1. Using a simple charge model, +1 on the beta-carbon of Lys and Arg, -1 on the beta-carbon of Asp and Glu, nothing else, what dipole does segment 81-376 show about its Cα centre, in debye to the nearest 20?
2. With a sphere of radius 14 Å drawn around the Cβ of Asp38, what net charge do the other residues whose Cβ falls strictly inside it have (Lys, Arg +1; Asp, Glu -1)?
3. At a 10 Å Cβ-Cβ cut-off, how would you order His286, His263, fewest neighbours first?
4. Report, in order of residue number, the helices in the chain meeting two criteria: a C-alpha extent of 24 Å or more along the helix axis, and a mean Kyte-Doolittle hydropathy of at least -1.0; treat each whole DSSP H run as one helix.
5. Give the label of the value calculated from the structure for mean projected area of the Cα convex hull in nm², choosing from (1) 20.1; (2) 18.0; (3) 22.6.
6. Please arrange Ile11, Ile140, Ile259, Ile90 by counting, for each residue, the other beta carbons lying within 10 Å of its beta carbon, fewest first.
7. Return the long-range amide H neighbours of Ala111 (sequence gap of 5 or more, or a different chain), with a cut-off of under 5 Å between placed amide H atoms.
8. Loop only per DSSP, at most 15 neighbouring Cβ atoms within 10 Å: give me the trypsin sites (Lys or Arg not before Pro) in segment 1-56, ordered by residue number.
Amino acid sequence: MAQKLVADKLIEDARRATGLDRFDSESFREGLEILISDVNRDNRPDAGVEQFGKDMVTAMATRLKVVAYLDSRPELLARPVKRPVFVLGIPRTGTTLLSNLLAADPGRRSALTWEIDDPVPPATSTTLYTDPRAVARLEIERQMLAAHPEMGKLYRNSAIYPNECVFIMAHDFKTLMWESRGKLQTYRDWIFQTDVTSAYEYHKRFLQLLQADAPGTWNLKMPSHALYIPTLLKVYPDARLIWTHRDPYTAASSLCSLISNAHKHFVGKVDVEWLGQNYPWQAAEHANRAMDARDAIGEDRIIDVHYAELMRDPIKTMRGLYGALGDEFTPAAEAGMRAWISDNPQGKFGRHEYKLAQYGLSVDKLKPLFERYLSRYDVELEG
């Protein structure tokens with residue numbers, strides 16, 4: 001690999017691309033530099049390095065735009081983010097499905113894919129689903145799925161569906177989204193132990209921008225919120241937390257499969273050994289840290305939703321969830337959810353196939369990792 005990334009050059013590229021200069025802070029720099037160091041040590045093709053660099057520039061350029069817009073409307077930072085709902089858990093345990101069902105309730109406000117990607121200027125309540133930026137992305141999405149229908153097997157996403165907070169916190173370079181793009185072990189170790197307060201503080205400012213002219217009670221989703229619950233509650237003390245539960249062996253296998261596609265795109269090959277070492281460990285860390293947090297903040301502070309129950313009877317499960325949240329399960333919410341389920345049947349784009357053995361794993365090998373979790377929660381096993 002001849003091409004090397006340089007932090008100062010990427011920062012300057014972001015400033016040049018936007019014509020903006022002021023970052024709200026330099027909190028992103030440490031993560032950026034650790035990530036760049038890992039990428040530069042890795043043996044990956046120049047095209048993958050170039051794409052990585054472009055994505056870093058885009059993240060910083062978006063942050064510059066967010067800061068400039070908030071500078072132009074500083075009153076937005078005084079508006080609270082009230083009682084947001086955060087969906088979290090081991091990755092690949094139904095967090096996306098649950099978030100999409102919550103987003104189908106017209107009484108809730110979700111951070112949609114298109115507006116996370118292109119937040120300035122923010123949409124209004126009447127243009128969230130009709131903004132030209134959303135329409136343009138829907139057309140790109142249609143073309144992509146027509147050309148590569150297999151992509152729909154991996155992740156139920158759309159320009160007008162809610163997307164993960166990883167793509168917001170990426171602007172602070174503190175997110176597992178960056179880590180998924182190859183064997184980036186130094187960054188992995190750092191992101192699991194660093195203080196992520198600045199990322200959550202930026203996340204809140206980002207929401208304050210998005211809710212400028214489209215307010216509502218936020219529905220938010222990122223499995224790895226499970227890693228940082230104390231920090232999340234420091235920034236959002238009235239947050240409501242939902243933990244999705246699924247067979248961790250199935251989830252770990254699905255996670256390895258999902259990450260393998262990021263490896264193909266950014267590295268050009270799949271490091272099967274690293275997938276098998278890293279991602280079951282990460283899955284267990286999500287469970288262990290969530291259990292540690294629950295022990296500290298109280299059992300009732302987190303609401304449990306089981307994937308098996310959600311799949312068997314989604315409306316009954318959602319009605320029970322709303323009761324636990326203290327929210328009314330309105331006819332409009334139910335109608336929206338039923339419509340979403342009808343439009344998104346399981347297997348709509350084909351079945352996502354994955355097996356532990358592909359990554360040198362087995363249930364017996366993984367039992368010690370998930371013993372604590374499975375002894376505490378009555379999770380229905382799928383294998």
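Since every read-out is calculated from the coordinates, none of them should be taken as a lab result. Nothing here was measured: the structure is a model prediction, and the numbers come from that model. Glycine gets a Cβ as well: all are built from the backbone with ideal geometry, and neighbour counts include every protein chain shown.
1. Working: 36 positive and 34 negative charges, 73 e Å.
My answer is approximately 360 debye.
2. Values: positive: Lys4, Arg41, Arg44, Arg181, Lys183, Arg188; negative: Glu30, Glu33, Asp42, Glu179, Asp189, Asp271.
Taking every other residue near Asp38 into account, the sum is 0.
3. On the way: His286 25, His263 21.
Going from least to most buried by this count: His263, His286.
4. Helices meeting the criterion: 46-72, 248-266, 272-297.
5. Here the calculated entry is (2).
6. Going from sparsest to densest Cβ surroundings: Ile140, Ile11, Ile259, Ile90.
7. The list, which skips near neighbours in sequence, is Asn163, Asn219.
8. Within segment 1-56, the qualifying trypsin sites (Lys or Arg not before Pro) (loop, at most 15 other Cβ atoms within 10 Å) are Lys4, Arg22.
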